[in-house]
There are 2 protein chains.
Amino acid sequence: MKRVSLDMIAKEVNLSKTTVSMVLNGKGDLHKINPDTQALILSVAKRLKFRPNMIARNLSTGSSKTLALIVPRIIDTYYGLIAESIEQLSLKLGYQVLLGTTHEDPVKEKELLLTFEAQQVDGILIASTQHNLEDIKTISDAGLPVVLFDRHYPEADLPYVVVDNYLGAQKLVKHLIESGRKNIGYVGLNLDLTAIKDRQRGFENAIEGRAKDSNNLKIVDHQHAKSDCRKAVEELILNQGVDGIVFETHYLALYGIAKIREMEVDYPGAVSIASFGDHEVFSIFRPEVTALVLPVEQIAQNSIDMLMRQIENKPGDDPHLNKIVEPSMKVRNT
Amino acid sequence: MKRVSLDMIAKEVNLSKTTVSMVLNGKGDLHKINPDTQALILSVAKRLKFRPNMIARNLSTGSSKTLALIVPRIIDTYYGLIAESIEQLSLKLGYQVLLGTTHEDPVKEKELLLTFEAQQVDGILIASTQHNLEDIKTISDAGLPVVLFDRHYPEADLPYVVVDNYLGAQKLVKHLIESGRKNIGYVGLNLDLTAIKDRQRGFENAIEGRAKDSNNLKIVDHQHAKSDCRKAVEELILNQGVDGIVFETHYLALYGIAKIREMEVDYPGAVSIASFGDHEVFSIFRPEVTALVLPVEQIAQNSIDMLMRQIENKPGDDPHLNKIVEPSMKVRNT
DNA sequence: CTGAAAGCGCTTACAG
DNA sequence: CTGAAAGCGCTTACAG
């Protein structure tokens, strides 16, 4: 594939690469290049369909104009939504985004981190498995901007943007209580993530004082989430007699709803539910499912902002960046 | 950020960059470099945590080792799944993937195409809006490998991998007929895509001979898919008295199911449904939803294969590549 | 207002 | 078995 280069244009117009480069980078006026010269260069570049070789430019400028985005999985619509936002925002700022998915595997995550570093990305946005602090630290210390989002390492001094999971869980419980529920259950995952623990703490704390029963808190194995969740729901309703259930994440809610529908219970009359995290089908279902919605655009925007601040970092400006974003209730019919 | 370069290693071991480069690229034996020398270089590189600057390598080799993936939207789980597969496969082959989403906007698509080309990607995988043949042609003719997937331009001579939509629609109808349905309706989108038209043709053809009524074929505006789909379902059931409905895509099925559930009909007893394209919730719903599943891994695998064949293209090997992949019925309870 | 030249960090054909 | 040197296609400090 023979592409037209700066050099070819320079020859065509009988000027130096320097001049051509300046003009084509919009620095013509800055360098006081003759307007006619500029017009000529521009027109020739257009005629020849010149597209600069970004690789060469990147090598020269030391910036690749690409960001890396690492998420557990892209088909999780929560991360999918964030990915879309980030892609849009990056593009607007002139950055491409490289995508990587870990499937919660720290080894895969480590590989991705190293590869992206080698690819000279200008920054990394990562929803980590939370089992790679070492590598992330190393990369960050080496001067490559990193922002943790959704998942962070509380013990580390790295920029992050996360949801207020504790508050979120409380909001869910509060909503159920206010709608008259007296005996609330919870179905959560056995994942070793701060986000998850915060949700469980939030639930336990909010439930305080009310018919509090540790059997109302069901933790299911994330490997067998579907069957275990169905079992948990059954127990909560049959044995614990709950009249409300909080699901720790959207897909647990999905599993739970299916189970409830099969059971002989008045739903959402006798058993009402609320999900931590929204899902596209929640507003399609009848009854529509009440959920705590996580502000994905805010997460994306803050993450990008934080990353850009680091990328454009003036030395001395060492911002201890972090942002805790507030989720909001979307009360629907359950 | 000061990184260690080939040069630093060369100085450290008192050898030339050439030798170091060869060894680090695993070509040591090929060039008969002394094994001890090799061992030394390797160990020093490791100690210094050398990571080659891919940008520099790319400029030198003329290959960026990155692929571009362009899809309408990543939160559509169908494309999400394909994206995940492609990402995995690419990584295995040593390619990173750059992501772009068009949201069905040809202008956005064109921008992405040009940017990726400038970024020197080694190949482009695209589920096109089907309104950019010119640009794709130009890029492909310039020698940049392109594979169209899911959406193709039938009039153009470009490599593609698509689903057999015509056959798929027929399978859906056949299934409904075989399960005793006599009066089948269809809800589709007003999109100007070959895939869509093939589905509608497939339906019409399969329904031939049976109580065929053009009012059984409802085309809804994709801008107001939700409300229009609900309306269509209502008409099909109330006015047309259908006992089975084929939905042209997973989200139409989602909308339709919600509507059916609200209506006073025996579902799936009196009205059974089947969806073109699977969705994660279909197996969670009770009853579980019958769907035609599109072989995403196959699509991903074939697309990558086709792209790689072009990338490694020996001149003279000008393969008219294309693959039509077969969808399969996943019969569940509806 | 414009250009010659060095440099970004690699790879590789050629030479010995 | 190893190295000097050119080259990939840009940018930019410096000079005039």
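The values are calculated or read from the model by the stated rules, or taken from the named source; none is laboratory data. These numbers come from a predicted model, not from an experiment. Here Cβ is always computed from backbone atoms with ideal geometry, including for glycine, and neighbour counts include all displayed protein chains. Surface areas here come from the heavy atoms of the whole protein model, side chains and all, with no ligands, DNA or RNA. Shrake-Rupley method; radii C 1.70, N 1.55, O 1.52, S 1.80 Å.
Here is how the numbers come out for the structure above:
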{"quantity": "Qualifying residues in segment B:24-44 (those that are open to solvent by less than 40 Å² (accessible area, probe 1.4 Å) and either of a type in the set (D, E, K, R) or within 30 Å of A:S140 (Cβ to Cβ) (or both)) - the one nearest to DNA strand C (Cβ to nearest atom)", "calculated": "B:I41"}
{"quantity": "Sole exception among (1) surrounded by 15 or more Cβ atoms within 10 Å (Cβ to Cβ); (2) under 30 Å from B:Y95 (Cβ atoms); (3) more than 8 Å from every other protein chain (Cβ to nearest Cβ) for A:D7, by number", "calculated": "(1)"}
{"quantity": "Number of the exception - A:I237 against (1) within 14 Å of chain B (Cβ to nearest Cβ); (2) open to solvent by 10 Å² or more (accessible area, probe 1.4 Å); (3) farther than 21 Å from B:E280 by Cβ; (4) in a helix (DSSP H, G or I)", "calculated": "(1)"}
{"quantity": "Among (1) modelled with pLDDT of 90 or more; (2) more than 20 Å from B:E84 (Cβ to Cβ) - the single one A:V71 does not satisfy", "calculated": "(2)"}
{"quantity": "Of all residues in segment A:33-61 being free of Cβ contacts under 8 Å to residues at least 24 places away in the same chain and near DNA strand D (Cβ under 9 Å from one of its atoms), the one that is nearest to B:A56 (Cα to Cα)", "calculated": "A:L59"}
{"quantity": "Qualifying residues in segment A:260-274 (those that are open to solvent by less than 30 Å² (accessible area, probe 1.4 Å) and within 13 Å of chain B (Cβ to nearest Cβ)) - the one nearest to A:A195 (Cα to Cα)", "calculated": "A:I260"}
{"quantity": "Condition check for B:D122: of a type in the set (D, E, K, R), in contact (Cβ under 8 Å) with a residue 24 or more places away in the chain and either buried (at least 23 other Cβ atoms within 10 Å of the Cβ) or in contact with a Ser or Thr (Cβ under 8 Å, 6 or more places away or on another chain) (or both)", "calculated": "yes"}
{"quantity": "Options A:K65, A:K2: the member that is more than 8 Å from DNA strand C (Cβ to nearest atom), modelled with pLDDT of 85 or more and open to solvent by 60 Å² or more (accessible area, probe 1.4 Å)", "calculated": "A:K65"}
{"quantity": "Qualifying residue in segment A:32-42 (condition: at the interface with chain B (Cβ under 9 Å from one of its Cβ atoms) and at positive phi)", "calculated": "no"}
{"quantity": "Residue list for segment B:6-32, restricted to those being within 6 Å of DNA strand D (Cβ to nearest atom) and within 17 Å of B:S60 (Cα to Cα)", "calculated": "B:K17, B:T18, B:T19"}
{"quantity": "Whichever residue in segment A:288-309 is open to solvent by 30 Å² or more (accessible area, probe 1.4 Å) and within 14 Å of another protein chain (Cβ to nearest Cβ) and, among such residues, is modelled with the highest pLDDT", "calculated": "A:E297"}
{"quantity": "Test for A:V4: is it of a type in the set (V, I, T) and touching a helix residue (DSSP H, G or I) at 6+ places or on another chain (Cβ under 7 Å)", "calculated": "no"}
{"quantity": "Count - residues of segment A:132-151 that are over 12 Å from A:Q310 (Cα atoms) and touching a residue at least 60 places away in the same chain (Cβ under 8 Å)", "calculated": "2"}
{"quantity": "Residue within segment A:46-55 that is within 13 Å of chain B (Cβ to nearest Cβ), within 11 Å of DNA strand C (Cβ to nearest atom) and aliphatic (A, V, I, L, M) present", "calculated": "yes"}
{"quantity": "Segment B:106-126 - residue that is more than 21 Å from B:L191 (Cβ to Cβ) and either touching a His at 6+ places or on another chain (Cβ under 8 Å) or polar (S, T, N, Q) (or both) and, of those, farthest from the other protein chains (Cβ to nearest Cβ)", "calculated": "B:T115"}
{"quantity": "Neighbours by Cβ (under 7 Å, 6+ apart or cross-chain): first from segment B:182-198, under 25 Å from B:S128 (Cα atoms); second among the β-branched types (V, I, T) and assigned to a helix (DSSP H, G or I)", "calculated": "B:V187/B:V233; B:G188/B:I196; B:L189/B:I196"}
{"quantity": "Residue check, B:Q200 of a type in the set (S, T, N, Q), more than 13 Å from chain A (Cβ to nearest Cβ) and either over 20 Å from the mean Cα position of the chain (by Cα) or farther than 30 Å from B:A68 by Cα (or both)", "calculated": "yes"}
{"quantity": "Subset of segment B:59-94 that is polar (S, T, N, Q) and more than 17 Å from A:A118 (Cβ to Cβ) - its residue that is farthest from the other protein chains (Cβ to nearest Cβ)", "calculated": "B:S85"}
{"quantity": "Condition met for B:R73 (closer than 25 Å to A:L59 by Cα and under 30 Å from the mean Cα position of the chain (by Cα))", "calculated": "no"}
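One line per residue, one yes/no per condition, for (1) more than 24 Å from A:L254 (Cβ to Cβ); (2) aromatic (F, W, Y); (3) under 16 Å from the mean Cα position of the chain (by Cα):
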{"site": "B:M263", "(1), (2), (3)": "no, no, no"}
{"site": "B:P268", "(1), (2), (3)": "no, no, no"}
{"site": "B:I273", "(1), (2), (3)": "no, no, no"}
{"site": "B:H279", "(1), (2), (3)": "no, no, yes"}
{"site": "B:P287", "(1), (2), (3)": "no, no, no"}
{"site": "B:A291", "(1), (2), (3)": "no, no, no"}
{"site": "B:S303", "(1), (2), (3)": "yes, no, yes"}
